Amino acid sequence: MLSFHREGYKIIVFTFLIVLSGILLSERLIELYWFQKVIQTILLFFLIIVLQFFRNPKRVTEINDTQIIAPVDGKVVVVEEVEEPEYFKGKRLQVSIFMSPINVHVTRYALNGTVKYSKYHPGKYLVAWHPKASTENERTTIVVENKVFGEVLYRQIAGALAKRIVNYAEEGEEVIQGSDAGFIKFGSRVDIFLPLNTKLTVKIGDKVKGGVQVIAEK
């Protein structure tokens with residue numbers, strides 16, 4: 001059964017009402033039959049896009065403290081050693097996953113642990129794959145401490161279309177690998193910062209499935 005994320009309920013209802021109103025008005029106001037059907041088709045297509053964007057498929061996570069799973073669906077666009085300036089202020093292994101508008105946009109916890117840091121940053125809306133998106137776009141930074149990997153940071157980054165990031169992580173709470181961690185609306189990216197000695201199981205160009213696919217392990 002198709003289910004939708006709670007962050008989309010209001011938008012889905014609003015969109016449905018707009019589409020329904022548009023279809024009814026087109027029946028009354030547009031005399032050309034073919035043009036009427038074109039307008040109605042466009043409205044229905046728009047509704048389908050909104051519905052598929054907020055879909056929330058059930059994922060069964062095999063919990064394992066020695067593995068990091070993909071927090072989101074998408075394509076791996078960055079794998080490199082970088083300087084992480086906000087929290088670690090040192091070198092980390094960065095893995096970035098880009099989500100297109102057609103991907104599922106639910107963010108899931110990549111590992112078990114305790115939330116040590118959770119902060120929202122307002123910012124720009126550069127395209128999500130822009131090199132400066134990680135430090136200049138609207139974003140949230142979350143650090144989860146795990147007994148095997150230590151502290152792992154992930155960053156939700158808004159894209160050119162995304163105008164709101166939803167983050168459920170609260171400092172001090174215990175989180176479960178694969179559970180719902182938030183949502184990014186309309187195009188985005190997630191960066192994960194791992195210890196340098198982490199063994200990756202993905203490479204640039206790989207498509208990953210959030211909540212189930214292993215991207216790193218000890």
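The values are calculated or read from the model by the stated rules, or taken from the named source; none is laboratory data. Keep in mind the model is a prediction, meaning the values are calculated, not measured. We place every Cβ from the backbone using ideal geometry, glycine too, and count neighbours over all the protein chains shown. Ligands, DNA and RNA are excluded from the accessible area calculation, which covers all protein heavy atoms including side chains. Shrake-Rupley method; radii C 1.70, N 1.55, O 1.52, S 1.80 Å.
Can you give the direction-averaged projected area of the convex hull of the alpha-carbon atoms in the stretch 18-127, in nm²?
Mean projected area for the stretch 18-127: 11.2 nm², to one decimal.
Which lysines have a Cα lying under 19 Å from the Cα of residue 147, excluding residues fewer than 8 positions away in the same chain?
Hits, sequence-local ones excluded: 116, 199, 218.
Keeping every protein chain in place, order 98, 54 by accessible area at 1.4 Å, biggest value first, i.e. largest first.
98, 54
With all protein chains present and a 1.4 Å probe, how do 6, 108, 55, 164 order by accessible area, largest first?
Descending accessible area places them as 6, 164, 55, 108.
When all protein chains stay in place, what accessible area (Å², nearest 10, 1.4 Å probe) is found for residue 180?
60
Kindly provide the pair-distance distribution of the chain built from C-alpha pairs, with 10 Å bins from 0 and whole-percent values in order of increasing distance.
Computed distribution, short to long bins: 8, 32, 32, 14, 8, 4, 1.
May I ask you to compute the full-extension gain from residue 200 to residue 48, defined as 0.36 nm times their residue separation minus their alpha-carbon distance, rounded to one decimal in nm?
51.1 nm is the gain from fully extending residue 200 to residue 48.
Is the shape of the stretch 1-79 rounded, prolate or oblate, going by the alpha carbon gyration tensor and its root eigenvalues a ≥ b ≥ c, with a/c under 1.5 for rounded and a/b larger than b/c for prolate?
Prolate, since a/c reaches 1.5 and a/b exceeds b/c.
Say the cut-off is 29 Å between C-alpha atoms; which of 37/209; 37/75; 10/37 go over it?
37/209; 37/75
Hey, how many Å between the Cα centroid of the stretch 46-108 and the Cα centroid of the stretch 1-26?
The distance from the Cα centre of the stretch 46-108 to that of the stretch 1-26 comes to 26 Å.
With charges only on Cβ, +1 for K and R and -1 for D and E, what is the dipole size of the chain about its Cα centre, in debye, rounded to 20?
440
For residue 176 and residue 66, what is the calculated FRET efficiency with R₀ set at 22 Å and r taken between the beta-carbons, to the nearest 0.05?
After rounding to 0.05, the efficiency reads 0.90.
Distance in nm between label sites at residue 12 and residue 100, each 7 Å beyond Cα in the beta-carbon direction?
In this crude spin-label approximation the distance works out to 2.3 nm.
With each label point set 7 Å from Cα along the Cα-Cβ vector, what nm distance links residue 212 and residue 86?
Label-label distance for residue 212 and residue 86, simple model: 3.0 nm.
On the protein heavy atoms, probe 1.4 angstrom, tell me the percent of accessible surface of the stretch 83-123 carried by carbon and sulfur.
C and S atoms contribute 58 percent here.
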